[in-house]
Each structure stands twice: as C-alpha cells, then as structure tokens.
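Values quoted throughout were computed directly from the atomic coordinates according to the rules given, and no laboratory measurement underlies them. Treat the numbers as computed from the prediction; the structure is a model and nothing was measured. Cβ placement follows ideal geometry from the backbone for every residue including glycine, while neighbour counts extend to all protein chains displayed.
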Amino acid sequence: MFKKTGIAALGLALMASATYAADIKIGYVTTLTTPAAVLGNDMKDAVNLALEHLGGKMAGKTVEVIFEDDGFKPEIGKQKTDKLVQQDDVPIVAGYIWSNVLLASAKSVLDAGKFLISSNAGPSQIAGKLCNKNFFSTSWQNDQTPMAMGEVLNQQGVKSLYLLGPNYAAGKNMMTGVQRTFKGEIKGKDLTKWPSQLDFSAELAKAKASGAEAIFVFYPGKAGGAFIKQYQQAGLKGVMDLYTVFTVDAISLPKLQAGKLEGVLGSRLTQQWDPTLDNAANKKFVADFRTKYKRYPSFYAAQAYDTINLIASGVEAVGGDMTKTDDLRAAMEKADYASVRGKYTYGKNHFPVQNFYLREVVADADGNWTTKVVKTVYENHVDPYVGECPLAQ
Amino acid sequence: MSTLFLIQFLNGLQLGVLLFLLAAGLTLVFGIMDFVNLAHGSLYMVGAFFCATLTFWTGSFVWAALLAIPLTALVGLVLEIGVIRHLYQRDHLDHVLATFGFILIADTLVHLIWGPEGIAIPLPGYLRGQVEVLPGIIFPTFRLVIIGSGLLVAFGLYWLIGRTRLGMLIRAGASNRTMVSALGIDIKTLFTAVFALGAVLAGLAGMLIAPITEATIGMGNDIIITAFVVIIVGGIGSMKGAFIGALLIGLIDTLGRSFLDDILKLFIPINAAETAGPAISSMLIYLIMAAVLAFRPQGLFPPKVR
C-alpha cells in the first residue's frame with residue numbers, strides 16, 4: 001500500500017514538474033553577491049516586474065528566467081554563462097552589468113549561436129571589431145554617455161577639466177568618451193585600482209592642485225557613494241563643479257540622503273533614461289516599480305525591464321518558435337516594443353540609436369532625492385565605433 | 001608642487017595609521033600566538049557596521065564609536081573562545097582554512113542582517129569640514145582625526161607593550177611561548193586578551209574609515225592583504241615594525257598614486273606613462289614587499305628572539 005502511494009506521489013511530482021517546466025528559458029547573468037548585489041537585485045526586481053506585466057508569458061508560452069550571479073568577477077561570470085549555454089541550453093543569455101564580465105563571457109554565448117543581450121555593459125570592442133549579429137544592447141555604448149557630458153560641459157562654458165575613473169574596460173571607455181567631445185583643456189587624469197580602491201584622497205588632492213574648473217567622474221556602485229562623500233569632505237563643492245556619469249543613481253541617492261550629503265544636490269549627470277521621462281511605458285514602469293518595491297528604479301532596472309520587453313517582442317514575432325533565429329533577430333532589430341526611454345532604433349552593431357538627456361539631482365515632492373530631466377543633449381545619437389563593425393560594412 | 005606634496009604626505013600618513021591599526025592586531029596574533037588570522041579584516045568590517053547602526057540609534061558618531069569598541073571586543077572574545085582557541089595546536093593550513101571560512105560566514109551574515117547595499121555614516125558638523133593646517137594647506141578635519149587617533153593608539157600600544165606587566169608577558173610570549181607557560185603564566189587567558197585587543201584595533205580602523213568610504217560587505221578583504229604586506233615588511237611579531245612598515249607602505253602607496261605618472265612622463269611618452277602609471281603604482285607596495293623578502297626576509301624590524 002505504502003509502495004503504491006509512494007509511486008503515485010512520485011508520478012504526481014514528476015507530472016507537476018513537467019507542467020511547471022517553462023516553454024521558453026532565458027538566462028540572466030548579473031551580480032547578486034558582494035556590495036554590487038544591490039545593482040543586480042535592482043535588475044532582478046525589474047525583470048520580475050516585466051514578467052509580471054507580461055503575465056509570465058511570451059507568445060502564449062510560459063517563460064522562465066534563470067538568474068546567475070557573476071560575483072563581480074569576469075572569471076565567475078564566464079563560468080556561469082557557460083553553465084547557462086551548455087547545461088540549461090537557453091536560447092538567450094541576457095544581463096551583464098560590468099564590461100569586463102561581458103567581454104569575458106560574450107564568446108561562450110555567441111560561438112554557440114545563441115543570442116546575447118546586454119542590459120548594461122557596452123564595451124567599445126563589442127560595438128566595433130568584435131560586433132556580432134546575435135548581440136543586442138538595451139543600454140548604450142560606454143563612450144556615448146560621457147560624450148553627451150562633454151557636450152554639456154562645452155555648453156556650460158567649462159574651460160578645464162580633471163578626469164577620474166576606475167582602471168578597467170568601462171573606465172577607459174568613459175575617459176575616451178568625454179575627451180571625444182570636450183573642447184576645453186584636460187588638466188589631468190587618474191585611473192584608480194578597480195574595484196578595491198575606495199579612498200580617493202590622493203587623487204582629489206591632485207585634482208584640486210591641477211586648478212581645473214570642474215571634475216568629471218565615473219564610479220559605478222559603492223565607489224560612487226564613497227567618492228561623493230570624499231568630494232564633499234575635501235571641501236571641493238563650489239571649488240570644482242562635479243559632473244558624473246553612472247555614479248549617482250537611484251541606488252546611491254537614498255544612502256547619500258541618509259548620510260546627509262547635500263553636496264550631491266544640484267550635481268549633473270547625463271543618461272539615456274530618467275524616471276520622469278514622459279511616455280506611457282515609463283510612467284507605468286516607474287509607478288508599478290515604486291508601488292511594488294517602495295523605491296525609485298535605477299537606470300539598471302530600466303534597462304533590465306527593456307531587455308525582457310525586447311525579447312518578448314522578438315518571441316511574439318516568431319510565435320514562440322525559438323528555432324527561427326533569423327526571424328527572431330530580424331524582429332528584435334526593429335526595436336518594436338514600448339521602451340521606457342521612448343522609441344529608439346538599432347544601429348548595424350545592435351547598439352541603440354537614442355536620445356541622451358541632462359539630468360539634475362533634486363528632491364521630489366515628498367523630499368526624496370531623485371533626478372529630473374533638464375534638457376535633451378543628443379537626439380538619435382550613434383555610437384562612435386559602429387564604423388569598425390564588420391556588420392556595418 | 002610643495003603644497004601638493006605636503007597634502008599627499010598627510011594623505012599617506014592617514015592611510016599609514018589606518019594600516020597600522022590593522023597591522024598591529026595582525027602582528028600581535030601572528031607573531032605571539034603563531035596564528036594566521038585571515039578573518040582579521042572581518043573584524044574591521046564588523047566594527048564599521050556596529051558603528052554605522054549605533055550612529056543611527058544614538059544620533060552621534062562619537063558615541064557610536066565608543067559603544068562599538070566594547071561590542072567588537074566581545075565579538076573577538078566569542079570568536080577566540082568558541083573557535084580560534086581550538087586551532088592553536090593545528091598547523092597553518094588549518095588556520096587559513098578556518099579563518100577563510102569565517103570570512104565567508106561573516107560576509108553572508110552581514111548581507112543577511114544589513115543587506116548588500118552598505119551604510120553611509122553621517123559625521124557631526126564639526127568633523128565634516130576642513131582645516132587649514134598650514135597656510136594654503138587645507139585638509140579634511142576627519143582625516144586629521146584619523147591621524148590623531150592612530151598616533152594616540154600607537155603611543156598607547158608602545159606604553160602597554162614596553163612599560164606594563166601585560167606588555168612584558170606579550171613580549172615574552174612572542175620570544176618563547178613554552179618558557180612563559182612553564183613559568184606559570186596562564187597563557188590561555190593572555191592569548192584571549194591579545195586576540196580581543198587585536199579585534200578592537202581592527203574594529204576601530206573600520207569605524208574610522210567607514211565615514212569616508214562606507215560600511216560595506218567585504219571591505220576588510222581588500223585592505224587585509226595590504227596589512228599582511230605591512231607586517232611582512234615590518235617584521236612579523238614586531239610592533240615597531242608594524243608602525244614603521246604601515247607608515248612606509250601608506251606613504252609609498254599614496255605618493256606613488258599621485259606622482260608616479262608625472263615622473264614617468266619625464267622618461268617615456270605621455271600615452272605610455274598614462275597606461276603604465278596606474279599599473280605600476282598599484283604594484284608598488286608588492287614590489288617593496290618582494291624586495292624585503294629577497295634581501296631581508298625577517299623584515300625590517302624583526303622582534304628579538306633568544
């Protein structure tokens with residue numbers, strides 16, 4: 001009797017797991033441990049919200065996202081990517097906060113003929129020489145955001161600048177980006193050890209001694225908060241104006257507010273998205289994200305939300321048949337979905353051709369620190385590496 | 001140029017005294033108890049998180065730091081009595097395994113209790129500003145506080161180890177442990193006290209740096225490597241070595257970061273110097289360590305052993 005019940009239970013369990021197994025699996029690599037987990041969790045929350053908005057289905061088929069943690073390290077990111085490609089055999093791998101993790105992992109996905117969608121990282125190599133027909137970005141190429149900032153600095157009449165950022169793939173791209181457009185004098189540049197260096201005393205002293213009018217900074221994640229604090233403690237507010245990219249975001253602002261670092265209010269940053277952008281998709285995303293998670297979404301979250309909707313637009317077009325890779329690619333190339341940044345198109349290297357905005361840090365009606373759009377810096381901006389991409393030739 | 005040099009000297013000094021606080025505990029535990037404590041950095045992190053939470057409870061950073069010190073000592077005591085004490089007889093590999101395990105446990109516990117995002121500690125207004133140390137040399141007040149408290153602790157330790165009975169026992173324990181216990185000294189209690197002292201020093205370092213960086217998970221894992229470099233350069237088990245080694249490493253690291261690329265630009269093309277500068281300056285302290293290991297493997301100021 002026991003045995004029979006046991007077999008019945010086993011059968012039931014197997015049945016249950018069989019019906020539970022999703023039709024379409026998507027791999028998602030992000031950072032879920034170390035302090036950078038706060039960025040990864042924001043993306044994970046946005047992915048889950050996007051799935052909820054889609055009713056858990058694309059083209060009538062159930063969807064499962066398998067999250068993997070890169071541990072903030074390229075080698076672990078690559079291992080997890082290999083696992084998703086080989087063991088889970090997912091048709092699409094998405095995510096990737098860090099350029100160095102994406103560069104280490106891209107080959108595993110693309111050589112297997114699968115799709116790779118970056119929710120954040122945009123290293124120059126993948127936009128240029130290493131571009132691939134199965135790679136898509138829902139963020140930007142690294143150089144673009146600082147290029148927009150360089151333009152803003154010209155418009156503000158800033159004559160001299162000091163550059164500061166971390167010494168890794170993205171840090172180098174950001175420095176190149178701002179130097180592409182900034183017309184004034186670069187008084188000096190420092191690349192710091194990444195990710196371990198969080199004390200920038202020596203660099204701040206150098207920047208101040210250089211006599212530059214303003215300082216341009218790229219420090220994502222916890223380094224950003226640390227930098228802002230030290231900038232204020234060194235008494236540089238009002239001496240050297242602060243212009244940042246990817247340093248001040250919805251994740252660092254509440255902490256800076258708790259730490260009473262008013263120095264950040266009024267500081268300016270450039271980005272392709274802002275929570276106040278006026279379009280239906282963005283309003284719904286920001287409102288539902290705030291209701292569900294009780295905080296503002298960051299740009300990481302916005303891009304992750306877009307990633308899932310881009311995939312959904314492709315999957316709908318092929319009716320859920322993931323073997324039709326050519327049709328799936330053609331559908332995604334149209335970017336025919338309601339992006340929270342508004343309508344954009346894809347360049348030949350599959351990086352978005354999109355607007356960039358100047359944002360300012362302000363307090364909202366409830367006193368929470370957030371950002372608002374000051375103006376549009378670039379319309380339909382194309383990244384500078386597309387010419388090097390063999391697909392464009 | 002000379003004003004910048006003086007400011008960078010102060011920055012280097014500040015990094016140096018911070019490293020000294022960590023290295024002092026490390027060298028005591030390693031030199032006297034012959035125990036490799038990789039988890040020393042976790043105590044640094046725990047100190048920072050205690051201080052952060054208490055700052056929000058008490059509303060004052062200074063009170064929070066004063067309360068967090070005994071709490072960190074308590075963590076050190078519990079750790080020593082519960083785990084570390086049973087490992088003294090084992091070999092170094094077991095020490096490394098056990099304390100590495102403790103790092104993972106501590107990081108995960110902090111993730112569970114405080115979340116992954118880290119905590120920014122607000123400073124009181126009088127510590128937030130800057131001071132004009134000399135005409136034209138403006139330096140953040142709080143960094144001066146770090147230098148001051150580090151030097152104060154260094155002086156306190158010098159007095160404790162050189163002038164008190166406890167210090168005498170510690171020095172005796174470092175030279176010849178078996179003889180000390182043969183003379184009827186309760187070596188177990190002595191070791192517990194030394195370990196707790198090391199924990200307090202590490203925790204204090206964490207509390208001092210947290211208002212500048214943030215209390216974050218794994219904050220100790222990066223700096224502990226530098227602290228090991230300090231005690232290897234200074235000589236393992238030597239307090240004087242830890243002090244001079246820490247200041248040396250702090251100054252070399254800071255001055256390297258600030259002047260190396262300018263110096264390189266005199267010899268090689270600017271582009272090459274901009275690439276090589278950050279790479280070499282982040283290696284500099286390890287090059288110093290390698291040189292010390294090659295030419296003076298016992299360190300610059302090894303403890304006297306008879």
Charge dipole magnitude, Cβ of K and R +1, D and E -1 - chain B, Cα centre, debye nearest 20: 1040
Cα Rg, Dmax, the protein assembly as shown, angstrom units: 27.3, 93
The protein assembly as shown: antiparallel DSSP beta bridges as a percent of all, rounded to 5: 40
Of the DSSP H helices in chain B, those whose Cα atoms cover at least 24 Å axially and whose Kyte score averages -1.0 or more: B:2-33, B:40-58, B:61-82, B:92-114, B:141-163, B:187-209, B:239-265, B:270-295
222 nm mean residue ellipticity, helices alone, for chain B (DSSP H n ≥ 4; -39,500 (n - 2.57); rounded to 500): -26000 deg cm²/dmol
Disulfide-incompatible cysteines by the Cβ rule (no partner under 4.7 Å) in the protein assembly as shown: B:C51
Virtual spin-label span in nm between A:A365 and B:T189, 7 Å along Cα→Cβ: 6.7
Partner chain coverage, peptide A:251-264 - average Cβ within 10 angstrom: 3
Shielding by other protein chains, B:211-222, mean Cβ within 10 Å: 6
Reach of A:K83 by Cα under 18 Å, taken over aspartates and glutamates that are not fewer than 8 positions away in the same chain: A:E64, A:E68, A:D69, A:D70, A:E75, A:D111
Dipole-positive endmost among A:Q156, A:G184, A:Q230 within region A:144-271 (Cβ charges, Cα centre): A:Q230
Sorted peptide list for A:262-273, B:228-239, B:169-180, criterion being average Cβ within 10 angstrom, highest first: B:228-239, A:262-273, B:169-180
Region A:144-271 - charge dipole about Cα centre, Lys and Arg +1 at Cβ, Asp and Glu -1, debye rounded to 20: 120
Cα pair count fraction exceeding 18 Å, expressed as % - region B:178-306: 67
Modelled FRET efficiency - R0 51 Å, A:L391 with B:R85, Cβ distances, 0.05 increments: 0.20
Chain A: relative contact order in percent, alpha carbon pairs under 8 Å with at least 6 residues between: 17
Projected-area average for region A:144-271 over all orientations - Cα convex hull basis, square nanometres: 6.8
FRET efficiency estimate (nearest 0.05) - Cβ-Cβ, B:I280 to A:R295, R0 35 angstrom: 0.25
Helix axis angle, A:299-317 relative to chain A longest principal axis, alpha carbon, degrees: 40
Between region B:95-126 and region A:245-269, the alpha-carbon center distance in angstrom: 23
Order of A:Y243, B:Y126 under a 10 Å beta carbon neighbour criterion, fewest first: B:Y126, A:Y243
Among B:M168, B:P140, B:I209 - extreme Cα towards positive end, dipole of chain B, charges at beta-carbon: B:M168
Net dipole in debye of region A:241-393 [+1 Lys, Arg Cβ; -1 Asp, Glu Cβ; about Cα centre; nearest 20]: 460
Listed pairs A:K73/A:K222; A:K78/A:K114; A:K222/A:K343; A:K172/A:K193 exceeding 23 Å between Cα atoms: A:K222/A:K343
Mean Cβ count within 10 Å, highest first, over the residues of peptides A:221-227, B:88-94: A:221-227, B:88-94
C-alpha center-to-center spacing [region B:1-71, region A:20-72] in angstrom: 39
Cβ-derived FRET efficiency at R0 51 Å, B:F155 paired with A:T276, nearest 0.05: 0.40
